[in-house]
């Protein structure tokens, strides 16, 4: 035990004397969360749209006014004919066209139903998706107000409420993702680098020749990073609560447990990487390419998994981050308990055991 | 007086698939001896040494190191040997004192013992002024001596040195060999691999490995007589060229 404490002390010396790793450990999480929270956002502001109004009646005018009044859209063009829609897009300025059908008011009153076509420029699918969501939200709101005025019970309302993130605050969607990326980065990359560093320096050999057991070496190297990752997770959660006013609806205790599970999962990945790489640089490349990219691209952090092609959707299942993001969103935004996320938790536990088993096996082979 | 053997290897063999890295080597090393383990790169020196220090299992054959069997008691061997590699592996970002404390700690030495030993060691090596400096800032020669002393902290019966003088200037090498002599005089066996043939002359006995086999084993003097040459360098060249 005394050996172990000495080992951990040494590990902390390494970390605190290396400015670069200190920066990655503590600067990155704060920088990233601020960056995603304030700068990178998929909220839309003042998007140029065009209007094609076939009815030109009171209702359409009112809807158009509502849309113009919102900060999300600015109407930059009025089109008269269907054929001009394409031309308007080709100019490149507008991102969407709202196309009101003929006799909009009459149809709405007579049939309880009128149609508005939202044509979006899907070269940027995320923005397109957001535009259509926002337009829908404005229409729904308008429908609610007129229904209230008329007080006719049989008005039909399509139900497309924006659940869980009604204000459409993108920072709420980013926090779980950023937390996942940072924990992955700190846990997997930093441990794999610190273990390969010992290999590169030749100190690993000295440690293996000493009476300290390989298992103790690995645990000793990993332990400080568990501790630091937990601190990071706490910092991220505090920042999101106090800076971004994000409510944590679920149990903080459960959130903590799930985070520790994911941290251990990432650490075992880090150990696995260190067993297959000889130099720090290799370890870093494998961590960045093999872990960070999938975590950012395939986990549902930035791009919704549902809109990926099927092969990628299948691949996304083997990425631990995907399950952790689902768990985080469930706890933070929906406030559900373990009974709703036990399946995802079990998957993470299984993956962790698998990675650990594999790295122990690899480690033994290497010792041969 | 019968000399006590601290290393005994009999038909020790290591195979990687079809490749035989170490082919049935047999030798003995006596207590307090400086044993030179020579061979070209790829001759199997490192593999043989790894089996002796308990981090690689032999494919066949027997070996007994410091009184313990390499198959059954590898952990006991580890407690009784010291090891220093050609990288003088210490932690550059730890101070001289911290390195001593750490390595003393993983060998299970008590804190008071470590403290006492550290004082003696820093005194002997003349490292007073840099005791609290990071090891990374020390010149290579100092690092090498420090690494050697650290490997001896737990009073091992045998110290294994893997090309301990690589990349060090001749004067420092000479000084280092004085340390080795002193250690052997204290009764610690020194098992050393080297590339430098002039260093081979300093050893009590020398073995030369070629393609996994020990082709020659004797005192430097007798080897030179046997091959009718004037230096160990010529002995080595004759053997290596077949």
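The values are calculated or read from the model by the stated rules, or taken from the named source; none is laboratory data. What you see is a predicted model; the values in this text were computed from it and never measured. Here the Cβ positions follow ideal geometry from the backbone for every residue, glycine too, while neighbour counts run over all protein chains shown.
Can you tell me which condition residue B:141 does not meet? The list is (1) within 13 Å of chain A (Cβ to nearest Cβ); (2) in contact with a helix residue (DSSP H, G or I) (Cβ under 6 Å, 6 or more places away or on another chain), and all the others hold.
(1)
Scan the helices (runs of 4 or more DSSP H) fully inside region A:249-320 and keep the ones with 1 or more residues being under 21 Å from the mean Cα position of the chain (by Cα) and surrounded by fewer than 15 Cβ atoms within 10 Å (Cβ to Cβ).
A:252-276, A:293-297, A:310-316
Can you pull out the helices (runs of 4 or more DSSP H) entirely within region A:1-95 that have at least 2 residues that are more than 27 Å from residue A:203 (Cβ to Cβ) and away from every other protein chain (no Cβ under 14 Å)?
Correct list: A:28-34, A:58-69, A:83-90.
In this structure, is residue B:132 touching a strand residue (DSSP E or B) at 6+ places or on another chain (Cβ under 7 Å), more than 9 Å from chain A (Cβ to nearest Cβ) and surrounded by fewer than 19 Cβ atoms within 10 Å (Cβ to Cβ)?
Answer is yes for this residue.
Tally up the residues in region B:100-113 that are touching a helix residue (DSSP H, G or I) at 6+ places or on another chain (Cβ under 8 Å) and more than 9 Å from every other protein chain (Cβ to nearest Cβ), please.
So the count comes out to 3.
Would you call residue A:301 out of contact with any strand residue (DSSP E or B) (no Cβ under 9 Å at 6 or more places or on another chain) and modelled with pLDDT of 85 or more?
no
Residue B:55 passes all but one of (1) in contact (Cβ under 8 Å) with a residue 24 or more places away in the chain; (2) more than 18 Å from residue B:155 (Cβ to Cβ); which number fails?
Only one criterion in (1) in contact (Cβ under 8 Å) with a residue 24 or more places away in the chain; (2) more than 18 Å from residue B:155 (Cβ to Cβ) is unmet by residue B:55, namely (1).
Here's the yes/no breakdown for (1) modelled with pLDDT under 90; (2) loosely packed, with under 15 Cβ neighbours inside 10 Å:
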site	(1), (2)
B:1	yes, yes
B:12	no, no
B:20	no, no
B:28	no, no
B:44	yes, no
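Can you tell me which residue in region B:60-85 is nearest to residue B:164 (Cα to Cα), limited to those that are assigned to a loop (DSSP other than H, G, I, E, B) and more than 8 Å from chain A (Cβ to nearest Cβ)?
Of everything passing the filter in region B:60-85, B:66 is nearest to residue B:164 (Cα to Cα).
Residues of region A:342-357 being modelled with pLDDT of 90 or more and either within 14 Å of chain B (Cβ to nearest Cβ) or touching a helix residue (DSSP H, G or I) at 6+ places or on another chain (Cβ under 8 Å) (or both), which ones?
Across region A:342-357, the qualifying residues are A:344, A:345, A:347, A:348, A:349, A:351, A:352, A:355.
When the residues of region A:102-132 are narrowed to those that are surrounded by fewer than 15 Cβ atoms within 10 Å (Cβ to Cβ) and under 27 Å from residue A:45 (Cα atoms), which ends up farthest from the chain's Cα centre (by Cα)?
So the residue we want is A:115.
With the requirement that a residue be surrounded by 19 or more Cβ atoms within 10 Å (Cβ to Cβ) and modelled with pLDDT of 90 or more, what does region B:81-92 give you?
B:81, B:82, B:83, B:84, B:90, B:91, listed by residue number.
Is it the case that residue A:204 is modelled with pLDDT of 85 or more and surrounded by 21 or more Cβ atoms within 10 Å (Cβ to Cβ)?
No; evaluated as a whole, the condition is false for this residue.
Could you please find all residues in region B:192-215 being part of a helix (DSSP H, G or I) and either at positive phi or touching a helix residue (DSSP H, G or I) at 6+ places or on another chain (Cβ under 6 Å) (or both)?
B:197, B:200, B:201, B:202
Are there any pairs, at least 6 apart or on different chains, whose C-beta atoms fall under 6 Å, with the first in region B:154-171 and farther than 24 Å from residue B:80 by Cβ and the second part of a loop (DSSP other than H, G, I, E, B), and if so, which?
Correct list of pairs: B:166/B:86.
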